[in-house]
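Report on the structure given below.
The values are calculated or read from the model by the stated rules, or taken from the named source; none is laboratory data. Nothing here was measured: the structure is a model prediction, and the numbers come from that model. Quick reminder, even Gly has a Cβ in these numbers, built from the backbone with ideal geometry, and neighbours come from all protein chains shown.
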């Protein structure tokens, strides 16, 4: 649910605001296809408890837009902060072209950005944080790069305010941990994009590029990466910026958000690679299951007979594989009950084990070559059994 705060403008370069529905009246969502592009730029600012920063951010953003002679609006998308955000935006709207959209039933930075873009009227969309970590004076430069290219080359599909290109910097007290964390996250995304700073939350794209994005379903904070991948942006430009620590408030980057980033990457790889990505995740989970199997087997041998220890270790690994495949590999297929899927998964693994055994033993007994290369026959059995497990999991267990 969203609500529009009344907006007003004092400059001729501000487009007339749309009719407001009032603070307590829900505004009808506007789909990308229905958006009317009537101004140059819409700046989307997602917020949660950022009332202290907005009075400093909005004037600086507006000043940079005026100097570039851009018709613009500033859309603040707030996740129902229990602070003074509504009152602050109401006051700012008396001077600046500010619209506030308050979401009462949804949470999350990425979905907030999408919500703001769907309500935007600008031909160009700019996204930035509310905490003044992104330099407002760089907004016109991002917009210009979409049309002129970063170095007077071809126009860009997507432009990033980057910390990691020549001229880009971070605050000196940013800290080694944060720097390493950012670099590792960037490295994990490298197969998806050649951008040096794909984690950036400061970026610009055309409204038609946004509308071309397929099946947007981001998790966590990295909406820029989501839009780059799913809009098919091939010409990505990067403008150097100085990334500063937030002015007021505390960072919202938690361990949970870092885990969400890994889940988000999994979704993007599936989008880009399809079933091949699912197979890779299935194999990765299986490799961890093998470690669980061996560790449990070593412990159980100290407590019980070999046959019982082996059976329980296999069951533990199978349960581990089920839990992680359901959580990550086939995360979009969790509508069925976990109990039903668990039973089918165990049956699939049982059939896979039979296939593994049949291939290994059959090759060894029926093909003379494999009588001297029994381990190779066993390896082929493992491959056949794993492939069988994946097909059954993909087609039957996690439909």
*Would you mind stating whether residue 28 is under 26 Å from the mean Cα position of the chain (by Cα), at pLDDT below 50 and closer than 25 Å to residue 212 by Cα?*
yes
*asked:* The conditions are (1) within 15 Å of the chain's Cα centre (by Cα); (2) part of a loop (DSSP other than H, G, I, E, B), and residue 266 fails exactly one of them. Which is it?
replied: (2)
*Can you name the residue in region 329-340 that is surrounded by fewer than 18 Cβ atoms within 10 Å (Cβ to Cβ) and either under 19 Å from the mean Cα position of the chain (by Cα) or assigned by TED's automatic domain parsing to the domain that holds residue 263 (or both) and, of all such residues, is nearest to residue 280 (Cα to Cα)?*
331
*Scan 125, 216 and give me the residue that is in the same structural domain as residue 85 (by TED's automatic domain parsing) and either surrounded by fewer than 23 Cβ atoms within 10 Å (Cβ to Cβ) or part of a helix (DSSP H, G or I) (or both).*
216
*Residues of region 300-309 being surrounded by 13 or more Cβ atoms within 10 Å (Cβ to Cβ) and either modelled with pLDDT under 85 or part of a helix (DSSP H, G or I) (or both), which ones?*
300, 309
*Please identify the pairs in which a residue from region 294-309 that is farther than 18 Å from residue 321 by Cβ has its Cβ atom under 8 Å from the Cβ atom of a residue that is at pLDDT 85 or above and exposed (fewer than 12 other Cβ atoms within 10 Å of the Cβ), counting only partners at least 6 apart or on another chain.*
309/303
_Of the residues 109, 65, only one is at pLDDT below 95 and buried (at least 17 other Cβ atoms within 10 Å of the Cβ); which?_
109
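Matching residues to (1) in contact (Cβ under 8 Å) with a residue 60 or more places away in the chain; (2) under 19 Å from residue 128 (Cβ atoms); (3) out of contact with any strand residue (DSSP E or B) (no Cβ under 9 Å at 6 or more places or on another chain):
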{"site": "192", "(1), (2), (3)": "yes, no, yes"}
{"site": "211", "(1), (2), (3)": "yes, no, yes"}
{"site": "220", "(1), (2), (3)": "yes, yes, yes"}
{"site": "236", "(1), (2), (3)": "yes, yes, no"}
{"site": "258", "(1), (2), (3)": "yes, no, yes"}
{"site": "265", "(1), (2), (3)": "yes, no, yes"}
{"site": "277", "(1), (2), (3)": "no, no, yes"}
{"site": "287", "(1), (2), (3)": "no, no, yes"}
*Looking at 279, 312, which is the one that is more than 30 Å from residue 180 (Cα to Cα), in a helix (DSSP H, G or I), in contact with a helix residue (DSSP H, G or I) (Cβ under 9 Å, 6 or more places away or on another chain) and at pLDDT 80 or above?*
312
*Would it be correct to say that residue 343 is in the same structural domain as residue 278 (by TED's automatic domain parsing), at pLDDT 85 or above, within 36 Å of the chain's Cα centre (by Cα) and surrounded by fewer than 18 Cβ atoms within 10 Å (Cβ to Cβ)?*
yes
*asked:* Suppose we filter region 153-180 for residues that are outside any loop (DSSP other than H, G, I, E, B) and exposed (fewer than 15 other Cβ atoms within 10 Å of the Cβ); how many remain?
replied: 7
_Exclusive hit being at pLDDT 80 or above, assigned to a helix (DSSP H, G or I) and within 29 Å of residue 57 (Cα to Cα), set 210, 271_ = 210
*surrounded by fewer than 19 Cβ atoms within 10 Å (Cβ to Cβ), touching a helix residue (DSSP H, G or I) at 6+ places or on another chain (Cβ under 7 Å) and touching a residue at least 60 places away in the same chain (Cβ under 8 Å): does that describe residue 140?*
no
_With the requirement that a residue be within 21 Å of residue 275 (Cβ to Cβ) and in a loop (DSSP other than H, G, I, E, B), what does region 318-377 give you?_
330, 334, 335, 336
*Does region 87-109 contain at least one residue that is in contact with a strand residue (DSSP E or B) (Cβ under 6 Å, 6 or more places away or on another chain) and without any contact (Cβ under 8 Å) to a residue 60 or more places away in the chain?*
yes
